[in-house]
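In what follows, a single structure is set out as structure tokens and then discussed.
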Amino acid sequence: MEFTLGQLAELLQGTVEGDPQIKVNRLDKIQEGKAGGVSFLANEKYEAFLYETEASAVIVSQNFTPKKPYKTNLIRVRDAYSSFTQILETYAQFTKNSQSGVEEPSYMDPSSQIGDGHYRGAFSYIGKKCQIGNGVKIHPHAYIGNQVTIGDNCIIHPGAKICDGSVLGNHCEIHPGAVVGSEGFGFAPQEDGSYKAIPQIGNVILEDHVSIGANTTVDCATMGSTIIQKGAKIDNLVQIAHNVIIGENTVVAAQAGISGSSEIGKNSVLAGKAGIVGHIKIAEKTTIGANTGVSKSIKKPGQTVFGYMGMDMKQFLKSYSLFKNLEELEKRLKELEKKA
Amino acid sequence: MEFTLGQLAELLQGTVEGDPQIKVNRLDKIQEGKAGGVSFLANEKYEAFLYETEASAVIVSQNFTPKKPYKTNLIRVRDAYSSFTQILETYAQFTKNSQSGVEEPSYMDPSSQIGDGHYRGAFSYIGKKCQIGNGVKIHPHAYIGNQVTIGDNCIIHPGAKICDGSVLGNHCEIHPGAVVGSEGFGFAPQEDGSYKAIPQIGNVILEDHVSIGANTTVDCATMGSTIIQKGAKIDNLVQIAHNVIIGENTVVAAQAGISGSSEIGKNSVLAGKAGIVGHIKIAEKTTIGANTGVSKSIKKPGQTVFGYMGMDMKQFLKSYSLFKNLEELEKRLKELEKKA
Amino acid sequence: MEFTLGQLAELLQGTVEGDPQIKVNRLDKIQEGKAGGVSFLANEKYEAFLYETEASAVIVSQNFTPKKPYKTNLIRVRDAYSSFTQILETYAQFTKNSQSGVEEPSYMDPSSQIGDGHYRGAFSYIGKKCQIGNGVKIHPHAYIGNQVTIGDNCIIHPGAKICDGSVLGNHCEIHPGAVVGSEGFGFAPQEDGSYKAIPQIGNVILEDHVSIGANTTVDCATMGSTIIQKGAKIDNLVQIAHNVIIGENTVVAAQAGISGSSEIGKNSVLAGKAGIVGHIKIAEKTTIGANTGVSKSIKKPGQTVFGYMGMDMKQFLKSYSLFKNLEELEKRLKELEKKA
């Protein structure tokens, strides 16, 4: 796959500054650009690389003004970042294998149904009474339990597990090794100190356009449903406990954990390793910092909380900067005590 | 499956307040109750829902006194929570598929043995010289290595992996994607800065009634055994390192991690994301808070520790409340310095 | 497999103090030693067990001087720890199954190639156009995607997943359930608040002698490569995001997480649950404590950082010891305020 800079500029509705006949066949990061590659510059932190890159061309935004000479060619577009994403998508379509058909051996119970244009990889498993839509890709070693419903155009990556009764909307992507619908962690303490498992008879519902990261776990509800709403994106190794609700377009980064029955509002962001206790509600548009613990409901939308026990981020940073020199503060106190 | 309230009351040895002929066919959460559903009220936090619920009936405890009018019917029992658990269990027995027999293709080395009433799902694997008891369910994609011993009535969920030499008691449940018996993380530093793997020749022993959560990892011992004692319950995404011992009826919540050779006493609770360093001992009946780090042995039983470096919980909360206003404290100090 | 102490001493180039005819057939931890077992003493913390152990022999270093009487026999060697490791290795070679050949059913696309001396377990999967070296062991349920390159003598444990385009050097070990090459977590926010996935067209490169722990996830790069350099050892349940670079001989303990595009210098150590934000660089020979968060680049090599927001470890411990008694400090301040 090879394009001239002129062809690329036409595709992106942009203009070439340099030689439109030069050919490129690869996407490069700007700091690693080599002849034959095309890069992009959208973040000013990377501007210095423009003046050194050996990439054949760099995509920049219309209003960008170079501050030094450079060797490369420019393609000017309305928005460098989204143009580059557009190329990435085209590139991905050409290079990624879009598998279809059935590899053998695979297993599908005869009581289950799957739509047109599907892929079922070798060693994939589909249990009883499943309803699976059109264009669904079920990769090798993927497991679909019993009475599972999956919408159109979902991708179930290798070794992902969708347990009994789960319901997936359209365009969901379940990454390798993720578990959707494992049993909730519910035990009734007995008089002798032992625990008895409480049956978990609910399920998991993933609405449209939900993404679940590699080796993430989403437990089914005790009763009712654990729900991940439309457009929410969950990263790798996240724990989502029984009866949790995650709002529309909320993003949860890697290794975060949400305890049972808590609700996260829409358009929120949980950074990596954030932890939410059970039975609380987080308002919409909340940002929860990395490794931040939240133990009480957050009612006012749009806040940013941070810290070991999540609090206003600015306040936490002030306190922490004093904490770092707590010894100094104690010395000042001692000094005053001597004088007193 | 449909019951009258009268039948339910008889099953639960309780009494109906309302119409015993009304029929229910579903379990509902009280806040989501609809006609035809039965709910329960055990936690006073949810009492307000009783006066609004549209569930056909609510199970309450004998001594409960309503404070307002309500539309639903009541079933009074000795203990609302355990009665509801009883119904859940009955419900689960009817609805959950109790698979048996062998789905093909599956793999079992001829040198291994498995008892009566088993299920071996498609693509399940059993290696050499395994001894597997009666009533064991081995789900699709489950992996049982070589020389593994499994007691009666265990459930090995889809894609769970039980590595070489592991020993499981009776009634153990290994949830999807969990790994039992992976190699311990032991490396001997070499003079050139590289590391050489130390062979891990021990195993993992799970005693009776142990539950291991989805995608949790339990490493085998360097020598001897990593041991999880009778009745311990481990949640999802937990890390249990080589040579750890977890006491009887101890509960470990999601994303907690226990480093090599540490011992956790019986009847303890580790909350989510708790972390325990290596080579220490935690006394029995200890409660370790969420995201709490413990770096020293805890000798006195029954304590609750909390905080970044685990300490007495009350003390931590006092310190943290002052930490939140550390700026204020510093201002007071400055004020005094001016006067001095 | 049975040896006399004399034979063992010869193997280890050491000498016997006691009866060289006594036979041993097992390795024991010193605190659990029984007749017929051989133990070792390398860490003085365990010396007390020497005087009580019932092991038939204990390996000690040449210069060790017992302080009390003991019942066992000694084998004196230059370095007790490395001698014991040597025995462990020999023992492991004898007892661990070194599988070879192909178990059926397994799946390998005809466009892929694999070298001599390989093992392909039942239900293992190899996609299109893969190049796999000699002596590679691919265990049951392992997944190798398309266009994957694997060097010689690698071990891909049960259920490990190596996604499209990944490149592994020689002597790599991928533990059960690990995911190498899952899609990076990259989404472009849209005007309506939703997110659009940014195609991740890069790959993962693991250099020689890299070990990846059970259920760990390593994302592929957006462009270019996520790289784990020669000899790095990664524990269980670790998250390594897109475009991360981990230096030679760096060790990352369980449940640590490294965000996108960060670089960790060589010969560093990340303790359990450590967290690194995106787009920073950590100098070589850095030690990052357990549960420590690092949000800024570390430029000076050889430091030890610790704490909620990583700082100099000694400084943190001083501050934390004052934090634990912050109430006391506030009382002293109040006292002064009264006098002022």
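The values are calculated or read from the model by the stated rules, or taken from the named source; none is laboratory data. Please read these numbers as outputs of a predicted model, since none were measured by experiment. Quick reminder, even Gly has a Cβ in these numbers, built from the backbone with ideal geometry, and neighbours come from all protein chains shown. Side chains included, ligands, DNA and RNA excluded: accessible areas come from the protein's heavy atoms. Shrake-Rupley method; radii C 1.70, N 1.55, O 1.52, S 1.80 Å.
Results, tabulated for the structure shown:
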item	result
Some residue of region A:119-135 being among the polar types (S, T, N, Q), open to solvent by less than 10 Å² (accessible area, probe 1.4 Å) and either assigned to a loop (DSSP other than H, G, I, E, B) or over 18 Å from residue B:123 (Cβ atoms) (or both)	yes
Filter result for residue A:176 (more than 18 Å from residue A:127 (Cβ to Cβ) and touching a residue at least 12 places away in the same chain (Cβ under 8 Å))	yes
Residue A:228 within 24 Å of residue A:155 (Cα to Cα) and more than 10 Å from chain C (Cβ to nearest Cβ)	yes
Residue, surrounded by the most Cβ atoms within 10 Å (Cβ to Cβ), within region C:10-33, restricted to residues that are within 31 Å of the chain's Cα centre (by Cα) and of a type in the set (Asp, Glu)	C:28
Counted residues, region C:44-62 - those being without any contact (Cβ under 8 Å) to a residue 24 or more places away in the chain and touching a Phe, Trp or Tyr at 6+ places or on another chain (Cβ under 7 Å)	2
Number of the exception - residue A:47 against (1) of a type in the set (D, E, K, R); (2) closer than 28 Å to residue A:167 by Cβ; (3) in contact with a Leu (Cβ under 8 Å, 6 or more places away or on another chain)	(2)
Some residue of region C:226-241 being among the hydroxyl-bearing types (Ser, Thr, Tyr) and either open to solvent by 10 Å² or more (accessible area, probe 1.4 Å) or under 15 Å from residue A:235 (Cα atoms) (or both)	no
Residues that are of a type outside the set (Gly, Ala, Ser), open to solvent by less than 30 Å² (accessible area, probe 1.4 Å) and within 9 Å of chain A (Cβ to nearest Cβ), drawn from region C:282-332	C:291, C:308, C:311, C:316, C:320, C:323, C:326, C:329
Options A:203, A:215: the member that is more than 19 Å from residue C:194 (Cα to Cα) and open to solvent by less than 10 Å² (accessible area, probe 1.4 Å)	A:215
Flag if residue C:250 is hydroxyl-bearing (Ser, Thr, Tyr) and more than 12 Å from chain A (Cβ to nearest Cβ)	yes
Residue satisfying condition, being more than 10 Å from every other protein chain (Cβ to nearest Cβ), closer than 25 Å to residue C:105 by Cα and at pLDDT 95 or above, within set A:148, A:102	A:102
Condition broken by residue A:265, with the remaining ones in (1) open to solvent by 30 Å² or more (accessible area, probe 1.4 Å); (2) away from chain B (no Cβ under 14 Å); (3) in contact with a strand residue (DSSP E or B) (Cβ under 9 Å, 6 or more places away or on another chain) satisfied	(1)
Which numbered condition residue C:216 misses (of (1) touching a residue at least 12 places away in the same chain (Cβ under 8 Å); (2) touching a Phe, Trp or Tyr at 6+ places or on another chain (Cβ under 8 Å))	(2)
Filter result for residue B:129 (within 18 Å of residue B:209 (Cα to Cα) and basic (Lys, Arg))	no
Hey, residue C:155 within 13 Å of chain B (Cβ to nearest Cβ) and under 22 Å from the mean Cα position of the chain (by Cα) or not	yes
Looking only at region A:1-57, and only at residues there that are of a type in the set (Phe, Trp, Tyr) and in a strand (DSSP E or B), the one that is nearest to residue C:202 (Cα to Cα)	A:40
Where residue A:181 falls short, out of the listed (1) open to solvent by less than 30 Å² (accessible area, probe 1.4 Å); (2) modelled with pLDDT of 95 or more; (3) more than 9 Å from chain B (Cβ to nearest Cβ)	(3)
From the options A:62, A:7, A:31, A:13, residue that is touching a helix residue (DSSP H, G or I) at 6+ places or on another chain (Cβ under 7 Å) and not hydrophobic (A, V, I, L, M, F, W, C)	A:31
Candidate set: region B:184-196, residues that are more than 8 Å from every other protein chain (Cβ to nearest Cβ) and in contact (Cβ under 8 Å) with a residue 40 or more places away in the chain; chosen: the one farthest from the chain's Cα centre (by Cα)	B:186
Scan of region C:34-59 for residues that are surrounded by fewer than 21 Cβ atoms within 10 Å (Cβ to Cβ), among the small types (Gly, Ala, Ser) and in contact with a helix residue (DSSP H, G or I) (Cβ under 6 Å, 6 or more places away or on another chain), ordered by number	C:42
Any chance residue A:81 is open to solvent by 60 Å² or more (accessible area, probe 1.4 Å) and either within 14 Å of chain C (Cβ to nearest Cβ) or under 30 Å from residue A:147 (Cα atoms) (or both)	yes
Failed condition for residue B:150, given (1) open to solvent by 10 Å² or more (accessible area, probe 1.4 Å); (2) aliphatic (A, V, I, L, M); (3) free of Cβ contacts under 8 Å to residues at least 60 places away in the same chain	(1)
Set B:4, B:65, B:15: member being over 21 Å from residue A:224 (Cβ atoms) and in contact (Cβ under 8 Å) with a residue 60 or more places away in the chain	B:15
Region B:268-281, residues that are open to solvent by less than 10 Å² (accessible area, probe 1.4 Å) and under 17 Å from the mean Cα position of the chain (by Cα)	B:268, B:270, B:274
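Table: residues versus (1) within 30 Å of residue B:24 (Cα to Cα); (2) free of Cβ contacts under 8 Å to residues at least 24 places away in the same chain.
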{"position": "B:81", "(1), (2)": "yes, no"}
{"position": "B:85", "(1), (2)": "yes, yes"}
{"position": "B:102", "(1), (2)": "no, yes"}
{"position": "B:110", "(1), (2)": "no, yes"}
{"position": "B:143", "(1), (2)": "no, yes"}
